[in-house]
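Below: one structure, written as structure tokens.
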Amino acid sequence: MSRASDIAYETIREMIVSGELLPGDPLGEEALAEKCGVSRTPVRDAMRRLEGELLIRRSESQRSFVADWSLDDIGDAFELRAMLEGLAAQRAASRISPADIRKLEAYNKRIGEANASTPADVDVFLEENRKFHTLILDVAGSARLKTLLQTLIEQPIIWRTAHHYSPHELLRSYQEHDELIAAFKRGDPAWAEAIMSGHIRRAFHAYSDAHHGLAILDAERSKKRA
């Protein structure tokens with residue numbers, strides 16, 4: 001991929017994540033090219049990538065729109081995550097080193113500090129949470145498992161919605177990470193799998209609550225733009 005394609009990809013992706021582009025919004029190549037400061041060819045490349053990530057959908061007439069993920073779609077993604085990340089935690093429990101555990105503790109400490117900010121620093125929470133889960137996946141030592149989970153973990157719509165999580169839900173995530181670390185210290189695969197699976201399932205319900213509030217905000221914004 002060219003640098004121009006990467007710029008277009010990152011710019012359009014951020015517009016979707018931030019809510020500048022809302023679900024169902026049409027995507028015109030010419031307007032996007034101007035916005036990204038590139039020609040239309042890199043925009044086409046970027047849109048193909050984003051379509052592959054299910055962030056853009058193409059109609060029968062070949063027009064492109066921002067994808068509208070239903071709660072059922074997201075529920076399916078979380079269900080898959082619960083199974084696959086549970087398996088990753090199970091594998092990691094018998095492979096993890098003391099150095100890796102110290103890294104997990106450092107990531108979770110920063111998550112706790114982000115939660116304690118007023119207001120909570122959700123961007124730091126998300127970044128450290130990503131590092132926490134990525135390390136577990138790395139330690140699990142399965143390239144295939146990592147590939148399967150990559151898109152599910154990095155869904156931008158989930159990142160965007162996390163900014164509407166309650167302080168209680170952010171704290172619960174931090175506490176569950178601590179439990180997971182305890183399971184790793186014990187080298188207990190079954191315990192680690194159970195905690196991780198429950199952690200992801202609980203995260204879905206937090207997402208669901210935040211999703212409803214965000215949908216209302218998006219509807220209000222759409223009316224103002226109409």
* **Cα→Cβ-extended label distance, 7 Å offset, between SER70 and GLU14, nm** => 3.3 nm
* **Option label - Cα extents along the principal axes in Å computed here, alternatives (1) 57, 40, 30; (2) 53, 32, 30; (3) 56, 36, 29** => (3)
* Structure fact -> Whole-percent carbon and sulfur contribution to the accessible surface of region 71-223 (1.4 Å, no ligands, DNA or RNA) stands at 54 percent
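Using Cα pairs closer than 8 Å and at least 6 residues apart in sequence, work out the relative contact order for region 3-66, in percent.
Working: 71 pairs, mean separation 26.8, N = 64.
The value is 42 percent.
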* Structure fact -> If R0 = 41 Å, then ALA99 and SER166, at their Cβ-Cβ distance, give a FRET efficiency to the nearest 0.05 of 0.75
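Could you compute the net charge surrounding ARG3? Neighbours are other residues with a C-beta less than 15 Å from the C-beta of ARG3; K and R count +1, D and E count -1. Provide the component values of the computation, followed by the final result.
On the way: positive: ARG49; negative: ASP6, GLU10, ASP45.
Charge balance near ARG3 sits at -2.
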* **Hz values of 3J(HN,Hα) by residue in region 184-201 - Karplus curve (6.51, -1.76, 1.60), Gly and Pro given as x** => 5, 5, 7, x, 10, x, 5, 5, 4, 5, 5, 5, 5, 4, x, 4, 6, 5
* Asked: What number comes out for the charge environment of ALA88, summing +1 per Lys or Arg and -1 per Asp or Glu over other residues with Cβ under 12 Å away?
  -> +2
* Count of lysine pairs in the chain with Cα atoms under 30 Å apart, counting only pairs 8 or more residues apart in sequence or on different chains? -> 11
* Structure fact -> Mean separation of Cα contacts under 8 Å (at least 6 apart) over the residue count of the chain, i.e. the relative contact order in percent, is 24 percent
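Grab the beta carbon distance between LYS35 and ASP6, set R0 = 25 Å, and tell me the FRET efficiency rounded to 0.05. It would help to have the intermediate numbers written out before the result.
On the way: r = 15 Å, r/R0 = 0.61.
Once the sixth-power term is evaluated, E becomes 0.95.
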* Extension gain ALA190-ASP123, at 0.36 nm per residue separation less the Cα-Cα distance, in nm? -> 21.0 nm
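Work out how much length ASP178 to LEU148 would gain on full extension: take 0.36 nm times their residue separation and subtract the Cα-Cα distance, in nm to one decimal. Walk me through the numbers on the way to the answer.
Details: separation 30, 0.36 × 30 = 10.80 nm, distance 2.54 nm.
Gain on extension, ASP178 to LEU148, equals 8.3 nm.
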* Express the accessible area of region 71-223 per residue in Å², computed with a 1.4 Å probe while the remaining protein chains stay in the model. => 49 Å²
* To do: At 0.36 nm per residue, minus the direct Cα-Cα distance, what do THR134 and ASP209 gain on full extension? Give it in nm, one decimal, please.
  => 24.5 nm
* Using only Cα atoms, what Kirkwood radius does region 3-66 have, in angstroms? -> 11.4 Å
* Structure fact -> Residues whose modelled amide H sits under 5 Å from the amide H of ILE56, counting only those 5 or more places away in sequence or on another chain, are GLU51, ALA67
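The values are calculated or read from the model by the stated rules, or taken from the named source; none is laboratory data. Keep in mind that what you see is a predicted model, and the values were worked out from it rather than measured. Because the Cβ atoms are built from the backbone with ideal geometry, glycine has one as well, and the counts that use them run over all protein chains shown. Just the protein is used for accessible areas: all its heavy atoms, side chains included, with ligands, DNA and RNA removed. Shrake-Rupley method; radii C 1.70, N 1.55, O 1.52, S 1.80 Å.
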